[in-house]
Each structure stands twice: as C-alpha cells, then as structure tokens.
Amino acid sequence: MTSSDWGDWLPRAVAEADPETVSLWYLGCNGFAIKGRDGTVLWIDPYVGTGDPPRTVRMIPVPFDPVDVDAADAVFATHEHTDHVHGPSQAPILANTDAEFLAPDDSLSVARDEESWTDEWDVDDEQFSEVREGDELRVGEFTVHVVETHDADATHPVGYVIDHPTGTIFHAGDSKPSPTFPALADEYDIDLGILAFGSIGTVPDKETGEPVRTKWYSDENEIVEAASALDLDRLVPTHWDMWKGLTADPTALHEHARSFEYPERLEVVEIGDRIEL
C-alpha cells in the first residue's frame, strides 16, 4: 500500500462536514464518499492502490490512507475489478468503523476468497452483505436501490440508485449504455448521475506484455447516450483521470452533450473535489 500523498485532510473533511443536503467527495478513479445532512456516510468503490505497473499505471495522487477513515456507515462495491474491490483500500475502513461491505456475489468472492480480508485485517465475515438487482437497502438517511447495469468486462456488475429526501444519485460503476436505463429514468428522478468515461488506448497484455488496443469505459458518444437515456439533470464523468493510456478530457463532453435535452448540465470534478446534491 502506498502512503497518501495528501495526509489525512480528505477523511477529516468528510468526518467534519455538516452538509445542508448531501455532499459528495470525488476520490479519483470511480470512488466517492457521500455524506448526508444527518451524518450518514457511504463510500462507493474507494481505491487507493497504484494498479499493476507497467500494465496499469496510476496517474493521480493517492488522496487518503484508509486507516485514517473513521466515518463510514457502509462501503459499497459496484463490481469485482481490483480498482473497485481492493482489500488494502477498503478492509481498513471496515476494521476502523465496523461498517458493512455491500457488494454483489463475485465482488464478495474477491474479499472472502481471493484476498482473505478476515484473515489479513480485523474484519468480521458478518460485515459482508450480498446485494442483488432489485434489492432496496436502508442505510441511515439513505435508501439504496440495487439496479442492473451493462459492463461486459465484469462478471457481475451492479449500479446503485441512492435516494435521499433532498435528491437522488445514481452510481453506475463502469457501465456502458444499458437497455435498463430508460426504465430507470421512468422510475427515478435522478438529479446526479456518475458514469465512467475514458479514451481507447493501448495497455500491455497480462501474459505477453505486448500493447493491446483497450476500451474499458464509455467513450464520448456512449456516455452522453447513457446520460440521455437516464434523463440526468447533472452528469459527473469519472475514471477519465486514472490509468495511463486511457485518460481523457472530460471537458470535451460539452460538445457531445450540447444538442441533447439530457444531461442538463455537465459537472467536471477532479480528485478531492466536493460537490453538493
């Protein structure tokens, strides 16, 4: 585990914040800390690893050390990839706070079997809770709906529609446009949608090390297609900052989105930024 480049200011900022509605802190990659006005804190896909150089090379700072996190009611994972389920990033949060780890089955398999969180950290198996599409969960002041998404690179991805009395957030993980999105737009009035975005680049093959044309995230047209299908008021693109060879310029999305009714607004955030619902 690499030490934080920023000390403990980000976990302290989350712990000490007193939002009027809901505050979100972008953790880089696809991670967020979310805190409601009554003090409930959710973490989704927090990742502070450096990848697996030279194949995957982290291009942004490590914004916090998970041992400094002392405010968490639940940690959610969207799917099983290492930048979404990662023991050194997430298990210390569970150990410090007794928070639940909520994730689909294949993500829990990583935590339980591949990484043995309960052996390596002070984590109890009772802190693990499996989620399935269609579940409705109550965590403090938030109601979280587990929904189907589309990410062919993952074995079992899900998304989370997070309802709060002051508004609704959708975290889609690494989903590309999905046939389920128009129905989600009909069922939920989504104020802020979090969608992964990146370029198509070359990444060294795991076995040979040879560069391979790689597309892991929605491109400019796909992310706007997804945002439009979801009727998003605000689109927050993520993941564009993370991996060498797959980084992208999110400001380019203004030109792609301008002729569509949705999203109504593009909101570009950088690692460490705080935004309000």
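Derivation of every value follows stated rules applied to the coordinates shown; laboratory data play no part. Nothing here was measured: the structure is a model prediction, and the numbers come from that model. As a convention, Cβ positions derive from the backbone with ideal geometry for all residues, glycine included, and neighbour counts pool all protein chains shown.
Some points to look at:
- Partners of LYS244 within straight-line reach, counting aspartates and glutamates whose Cα lies under 13 Å from its Cα and excluding those fewer than 8 residues away in the same chain: ASP52.
- Listed peptides 34-44, 201-211, 108-118 by packing density, highest first (mean Cβ within 10 Å): 34-44, 108-118, 201-211
- Structure-based [θ]222 nm, the chain - -39500 (n - 2.57) summed over DSSP H runs of at least 4, per residue, nearest 500: -4500 deg cm²/dmol
- Relative contact order of segment 9-276, taken over Cα pairs closer than 8 Å and 6 or more residues apart, is 18 percent.
- Checking every one of the GluC sites (Glu not before Pro) in segment 1-91 against DSSP loop status and a limit of 12 other Cβ atoms within 10 Å picks out GLU20.
- Cα point-scatterer Debye curve for the chain, base-10 log of I(q)/I(0) at q = 0.09, 0.15 Å⁻¹: -0.37, -1.13
- Per-residue Cβ neighbour rank within 10 angstrom, fewest leading, ASP191, ASP241: ASP191, ASP241
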